[in-house]
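The values are calculated or read from the model by the stated rules, or taken from the named source; none is laboratory data. Everything numeric here is computed off the predicted structure, so don't read it as measured data. Because the Cβ atoms are built from the backbone with ideal geometry, glycine has one as well, and the counts that use them run over all protein chains shown. Just so you know, the surface numbers come from the protein's heavy atoms only, side chains and all, with ligands and any DNA or RNA stripped out. Shrake-Rupley method; radii C 1.70, N 1.55, O 1.52, S 1.80 Å.
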Amino acid sequence: MSCLAVARVATAQGTAFTYQGVLSQNGGAVNGSNDLTFTLYNAASGTTTVGTSNVVNDSVMTNGLFTVTLDFGAGTFDGTPRWLQIAARPGASAGAYTNLVPRTPITPTPYAMFANAASNLSGLLPAAALSGTYGSAVNFSNGANQFSGIGSNLTALNASEVTLGAVPAAALRNAWRLIGNSNTTPGTHFLGTTDNQPLEFRVNSQRGLRLEARVSINSGLGINLIGGSAGNYVTNGVIGATVFGGGAAISTNQVLADFGTVVGGSRNTASEVYATVAGGNLNTASGVAAAVGGGQVNVAGGLRSTVGGGAFNSAPANYATIPGGADNRAAGDYSFAAGRQAKANHGGTFVWADSTAADFASTASNQFLIRASGGVGIGTINPATTLDVRSGTPEITIGTTANTGGVLNFGNAGHGVKRGYSQLNDVGLYTTAADLYLSANGTATSQFVLKNSGNVGIGTNSPAERLQVEGNIRASGTVSVNDASGTVKASMAVDVNGKGKMTCDYIQVNGGADIAEPFEVRGAPMIEPGMIVAIDPDRPGQLRLCNRAYDSTVAGIISGANGIQPGLMLQQSGTMATGRHPVALTGRVWCHADADAAGEIVPGDLLTSATEPGHAMKAVDRNRAFGAIIGKAMTPLAKGKGLVLVLVSLQ
């Protein structure tokens, strides 16, 4: 931009004068409304200003021509050189002004005011020389000279009241005093404008706060608040926007959409409706109702997405969240990424990455991924493996192998329980050593051994046959064995009570219908056969009466209700694997049930625990039922409480 101008002294011969100029841009005359600022300097370059800067808003220009009245205050033109700096911007803009270069030297015309000042008068002036009407201020440097009396435009005002700050309110009328006003009426008395013009508050001649009214077709009248650096701005046409502060001359904060907010920091942008940037540097909230808490170079681009802080984080997906860290990306809807270089690229994924300088990315939707090179500890602050779970005395280390099942290790990765042998769902004990031992005395001597050849030894570590037992085999009745050809000749055993039957092809039990283990159960005196029990977290190896709906710690049903007894009891005397109550782990057993808890029970319904102690109910919430199923109903129960025959199958 450039300007050609001429200055003329105002007719009233005060300190104001008329300034005319022609504003052009890129060689063409500027038309329309423009905001102008005029600042007086004592040199062609430098930062020392003289007098008070003038701001002219919405100066209307035709073919570039404009005329303004400037007033830099008394004593600004004292005979020394002066230069005028002009800056301009479009009238509808709240952005920064463009300085016109070079500064314009002030020609002698304004100095005619200086010629009329008191410095050209000397000696005693007669009263007649001071008579008449004065349109400008009369200043006296001699404190002994005084005026007395009341002017036609003043009411009971004297110099002492001005000095003491005790000017009567009636004399000030609509003025606001530095020490405050009294007897004001909210809604009637106010500081501000009555027309549709912005209101600005300045500090050191720089804008510190701007209030501007804007009208939207959808939202009506709104007030934009722009605080902080004079370079901070709200895009034209936006309403309800707020820039609380921050910013600098070349590091402005900006709001580009309705109801957006930038609280502080620098070079931050809220570019969508309801978007918020709390602070930091170079952060952008570009999604509807998205938010960036702080940090640096963070972007919340999805609908209602959030970046809490950190640096170089991006949440472009809807409802995505990044609490902080660095170089994280939540690119899937409802995803979560945290740490360093965590990439939640799919919907519903949770990705947490440690400080390793490498991407850690999701591969499918709804994953929960953790990269922790120091291990994940549950119940321990010193994990020894990738996942180390500890509770009290027992130690459990769990590991997995890709697409081949799972492994529960004991002590180290060489020994444990493995899912996935010849088929994915096979489960078995394993060891990387030659032999697998089961021992009740803590040693591998003469207990039970499974050799690498497949031979099993009981009482010997060197079985020569598929099954070799060293020692006595005690049975009540007759035990049948194979002949030399392998043909089963006899395989029946009858105990002293005359019960029980066994063959080599299968085991048939006529005196019971379930497989049970004896446990100690907490909950007396309510315990009775047919009640549901769950793992007791306070007593290792023991159970408690179940009293929570969808209890994932459910363990079985106390056997023996309605005349059906356990068919097979598994226990080990002298260890915690024994007790007074036989608990059915599989098979058919009668169970106490509550049909009022979740509705009528019909055969085939999945059953889970109810809030009634020891009772089952229909599982209607499949999400909560996962891991809390006790079995399937085999008989109905229309209402109330009663016994239901259950095919026990813990899930």
Straight-distance crosslink candidates among aspartates and glutamates, where the alpha carbon sits under 16 Å from LYS489 and sequence neighbours closer than 8 are dropped: ASP505
Show the residues, 5+ positions off or on another chain, whose built amide H is closer than 5 Å to the amide H of ARG89. ASP35, THR98
Treating only the Cβ atoms of Lys and Arg (+1) and Asp and Glu (-1) as charged, compute the dipole magnitude of the range 493-637 about its Cα centre; round to the nearest 20 debye. 180
Selection from THR306, THR380, HIS346 lying farthest towards where the dipole of the range 300-388 points positive, charges on Cβ: THR306
Using modelled amide H (1.01 Å from N, peptide plane; none on Pro or chain starts), what sits under 5 Å from the amide H of SER559, excluding residues fewer than 5 places away? GLY530, VAL583, ALA584
Excluding same-chain residues fewer than 8 positions from LYS639, which aspartates and glutamates have a Cα within less than 16 Å of its Cα? ASP594, ASP596, GLU600, ASP605, GLU612
Exposure of VAL620 as accessible area (Å², to 10), given a probe of 1.4 Å and all protein chains: 90
The range 273-402 - Kirkwood radius from inverse mean 1/r over Cα pairs (Å): 15.2
How large is ³J(HN,Hα), in whole Hz, for each residue of the range 628-636 in order, when computed from phi with the Karplus curve 6.51 cos²θ - 1.76 cosθ + 1.60 and θ = phi - 60°, using x for Gly and Pro? 10, 7, 9, x, 10, 6, 10, 10, x
How about LYS451: which aspartates and glutamates have a C-alpha closer than 17 Å to its C-alpha, ignoring those fewer than 8 places off in the same chain? ASP435, GLU465, GLU470
With r defined as the distance between the Cβ atoms of PHE190 and PHE626 and R0 fixed at 60 Å, what FRET efficiency is calculated, to the nearest 0.05? 0.40
Can you run phi through the Karplus equation (6.51, -1.76, 1.60; θ = phi - 60°) for the range 185-198 and list ³J(HN,Hα) in whole Hz, with x for Gly and Pro? 10, x, x, 9, 9, 7, 9, x, 10, 10, 10, 7, 10, x
Positive dipole terminus of the range 542-636, leading residue within GLY574, THR553, HIS615 (C-beta point charges): GLY574
Which of GLU272, GLU212, GLU600 is most accessible, then next, and so on - probe 1.4 Å: GLU600, GLU272, GLU212
For the range 237-347, build the convex hull from the C-alpha positions and give me its volume per residue in Å³. 64
Separation in nanometres of the label points that stand 7 Å from Cα toward Cβ, at LEU467 and SER573: 2.2
Expressed to one decimal in nm², the mean projection of the alpha carbon convex hull of the range 200-272 is 4.3
How large is ³J(HN,Hα) for each residue in the range 591-599, as worked out from phi by the Karplus curve 6.51 cos²θ - 1.76 cosθ + 1.60 (θ = phi - 60°), to whole Hz, x for Gly and Pro? 9, 5, 9, 10, 6, 7, 6, 9, x
